[in-house]
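This report refers to the structure that appears directly beneath it.
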Amino acid sequence: MAGQRRHGGLNVKKMEQNQLLEQMIAQQAADNPQLQTMLAMMQQSKANKTATGEGSDTEQELAACRARLSKAIAKIKQMSEGMEALQQDLAAMVHFGEELAHAVGACTFCWGEDIACRACRGRGKPGSFEPDPALFQRFVLPAYRRNKTNLQ
């Protein structure tokens with residue numbers, strides 16, 4: 001009897017783990033259409049095997065699918081972190097470009113290169129606007145001084 005309780009307890013624990021895993025997968029799938037599709041295919045496969053009586057290998061196949069899905073979730077998290085880092089880098093570069101445009105008095109969106117630009121309509125080339133004195137001194141003057149020295 002004690003052996004049955006222990007075995008039954010393991011079965012209950014496994015069921016709880018499966019439920020937790022399914023909840024975690026469902027949460028991840030909420031924001032990911034590809035994961036939703038994969039999850040739907042797994043559920044359909046499980047339903048088909050149950051209906052056709054192929055349940056003996058279902059647990060093993062389901063465990064293998066869960067393992068693959070766990071790896072996919074880990075990869076998605078890793079890619080999301082990489083995407084966040086790229087977004088931060090892009091934001092930093094946009095900020096730098098805007099500062100440089102202000103330093104030379106150019107349009108911060110297109111630098112005067114786009115006639116369809118909503119801000120300047122292509123008229124925002126460097127020198128078109130009053131340069132920001134602090135940014136001009138930070139970015140432009142060092143290059144000007146160096147070039148001036150080289151020309152003499």
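Here are a few things to note about the model shown:
- Efficiency of FRET between residue 143 and residue 79 - r from beta-carbon atoms, R0 35 angstrom, step 0.05: 0.35
- Under-5 Å amide H pairs with residue 105, H placed in peptide plane, nonlocal only: 127, 132
- Sites residue 32 and residue 109 - FRET efficiency at Förster radius 41 Å, r taken between beta-carbons, to 0.05: 0.80
- Other residues with beta-carbon under 14 Å from the beta-carbon of residue 95 carry, at +1 per Lys or Arg and -1 per Asp or Glu, a net charge of -3.
- Residue-by-residue Karplus 3J(HN,Hα) for region 132-140, coefficients 6.51, -1.76, 1.60, Hz, glycine and proline x: 6, x, 5, 6, 4, 5, 6, 9, 8
- Extended-chain gain in nm, criterion 0.36 nm per residue less alpha-carbon gap, residue 93 and residue 128: 10.4 nm
Here, each number is a calculation from the coordinates, and none is a lab measurement. On a predicted model such as this, the values are computed, not experimentally measured, just so you know. No Cβ is skipped: glycine too gets one built from the backbone with ideal geometry, and neighbour counts run over all protein chains shown.
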